[in-house]
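Data first, discussion second: the structure below is written as structure tokens.
The values are calculated or read from the model by the stated rules, or taken from the named source; none is laboratory data. Treat the numbers as computed from the prediction; the structure is a model and nothing was measured. Cβ: placed from backbone, ideal geometry, glycine included. Neighbour counts: every protein chain shown. To get the accessible areas, we keep the full protein, side chains included, count just its heavy atoms, and leave off ligands, DNA and RNA. Shrake-Rupley method; radii C 1.70, N 1.55, O 1.52, S 1.80 Å.
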Amino acid sequence: MLITCWILYLAWMLAPWKMWTSTILLRIGLEIHVKNIGTGWAITMARIGTSLLLNKLKFLLIDISHTCLMQRSPIVAMPSWSAIAAVIAFMADLKHRILMVSDFFYPNFGGVENHIYYLSQCLLKLGHKVVVLTHAYGNRSGVRYMTGGLKVYYVPWRPFLMQNTFPTIYGTFPIIRTILLREKISLVHGHQAFSTLCHETLMHARTMGYKVVFTDHSLYGFADVGSIHMNKVLQFTLADVTRAICVSHTSKENTVLRSGLPPEKVFVIPNAVDTAMFKPAQQRLGRDEIVIVVISRLVYRKGADLLVEVIPEVCRLYPNMLGAVPHASVRSVLISGHIFLNSSLTEAFCIAILEAASCGLLTVSTRVGGVPEVLPDDMIVLAEPDPSDMVHAIRKAISILPNIDPQVMHDRMKRLYNWNDVAERTEIVYNRALKCSDQSLLERLSRYLSCGAWAGKLFCLVMIIDFLIWRLLELLQVHGVFFSFWYDPPAKDIEEVPDVALRCHQHGERIEEIYRCKSE
């Protein structure tokens, strides 16, 4: 048996570029030893093969077991079914248990909220366990379940500014620790630099030794007071982050410059669009009257002041303005138009452009941030953030409208952007993050110390206090008056949540649940 294992190991080491060779050898070895040696050796064989090939061949091992079970291979003896079941159970242990953290989630609507939801659903389909942590929204507090078994913790904290919770630094540690232990989390994924809850959770998770991944969804400047302070907070959080994700190459450059994070730690994974939801109208619109659609929040960074100057110049092309539109009606508004106008002054990645293109609209947008990376040149007309240039771009878009086929554009979007592809690429980042070696407190403090002459020392002090609080929570055994707020049960007394597989709903039911979540 040992000789055979070493032969398989050497075959894999000498021919790593020939995946089929390894697969055939593992299949033969597994079947022979299941038949001749029994269940114990079969499990050992599966473990050796898994440790050798890890993530690259884990799906092939599952395929081996699945093939033997479904096709009733005559090579495998009947007593080996328990061994194959053990192989499948062992492979399931390699799946990740992910905690998504952000202040921004349903029932609130936005790009970050959609990203977390769709990414979580696709990761669930890949077999991972996903739990979402966010703050309470109105009377929506406690634990809720969404489609596909997505578990959401609405912790009882109220937002105080722009849907952000009040920064307590250490006040959230007890409940975050409890959730991490109860759900047996293996990796924490935080979203959005605006989110206070995200920063605090990543800090506490690193103190407890968890691997953490951060996704930046926005661009920031370097000159104004708000950006300077936010960049310093981001530098603190990313000083000890395991891996980071940005939604565009422009966003990656911006994040690296702001945080000082090594570029090799930052990955670029774009957003996507649910093309099953955003489809063109069944009947093509006439071009007797050109309709321009604008769906955006009326805030400065979305170019509201620029839009005010552009609209009078093209008022003969703009029939009316609907005002506030609920998210459930976005598609019905999009398919009523020919051109989608985006006037953002800063944008890391505009999901609204994807939704419009998926509905077959030609896009006119400002050339800012990561927008030029979103669509091919024949699907978008770019302009400088200047009223006259925007008007010129709209006229150019009107002239090329006859060449636009909404259905062809929709089909192209289905190939370009897919949430399943985003989930698979994110899974690769998770795998690389979990392979990183663990670091001691002193090694981590050296990173914070390099954040600045004064800021570095302050960051080190914050992390030392956080470490001491964690040890206190680990050692604290009894309730007390003084510790009534801080009390958190020891790790051995925290009941772990059993895994429950819920039935996945159809697409239409999933969309209805999202909107029902919004109405509640």
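Residue pairs whose Cβ atoms lie under 7 Å apart, separated by 6 or more positions or on different chains, with the first residue in region 216-227 and in contact (Cβ under 8 Å) with a residue 24 or more places away in the chain and the second of a type in the set (Val, Ile, Thr) and open to solvent by less than 80 Å² (accessible area, probe 1.4 Å), are ASP216/THR255; HIS217/VAL112; HIS217/VAL247; LEU219/THR346. Being touching a Leu at 6+ places or on another chain (Cβ under 7 Å) and open to solvent by less than 40 Å² (accessible area, probe 1.4 Å) is the requirement here; does GLY221 meet it? No: the conditions fail for GLY221. Considering region 120-134, and only residues there that are farther than 16 Å from ASP103 by Cα and assigned to a helix (DSSP H, G or I), the residue that is farthest from the chain's Cα centre (by Cα) turns out to be LYS125. In region 451-466, the residues that are part of a helix (DSSP H, G or I) reach residues that are of a type in the set (A, V, I, L, M) and open to solvent by 70 Å² or more (accessible area, probe 1.4 Å) with C-beta atoms within less than 9 angstrom, at least six apart or across chains, in these pairs: GLY456/LEU449; LYS457/LEU449; PHE459/LEU449; CYS460/LEU449; VAL462/ILE169; ILE465/ILE169; ASP466/ILE169.
Conditions (1) among the β-branched types (Val, Ile, Thr); (2) closer than 23 Å to ARG206 by Cα; (3) modelled with pLDDT under 90, marked per residue:
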{"residue": "HIS96", "(1), (2), (3)": "no, yes, no"}
{"residue": "LEU99", "(1), (2), (3)": "no, yes, no"}
{"residue": "PHE109", "(1), (2), (3)": "no, no, yes"}
{"residue": "GLU113", "(1), (2), (3)": "no, no, no"}
{"residue": "ILE116", "(1), (2), (3)": "yes, yes, no"}
{"residue": "GLY127", "(1), (2), (3)": "no, no, no"}
{"residue": "GLY138", "(1), (2), (3)": "no, no, yes"}
{"residue": "TYR145", "(1), (2), (3)": "no, no, no"}
{"residue": "VAL152", "(1), (2), (3)": "yes, yes, no"}
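Of all residues in region 241-268, those satisfying the criterion of being touching a residue at least 40 places away in the same chain (Cβ under 8 Å) and surrounded by fewer than 20 Cβ atoms within 10 Å (Cβ to Cβ) are HIS249, GLY260, PHE267. Scanning region 405-443 for residues that are without any contact (Cβ under 8 Å) to a residue 60 or more places away in the chain and either among the charged types (D, E, K, R) or surrounded by 20 or more Cβ atoms within 10 Å (Cβ to Cβ) (or both) yields ASP405, ASP411, ARG412, ARG415, LYS435, GLU443. I'd like to know if region 226-236 contains one or more residues that are closer than 30 Å to SER332 by Cβ and touching a helix residue (DSSP H, G or I) at 6+ places or on another chain (Cβ under 9 Å). No: zero hits.
Remark: pairs (first residue in region 282-306, without any contact (Cβ under 8 Å) to a residue 12 or more places away in the chain; second residue in a helix (DSSP H, G or I); Cβ separation under 6 Å; 6+ apart in sequence or on different chains) = LEU298/ALA304.
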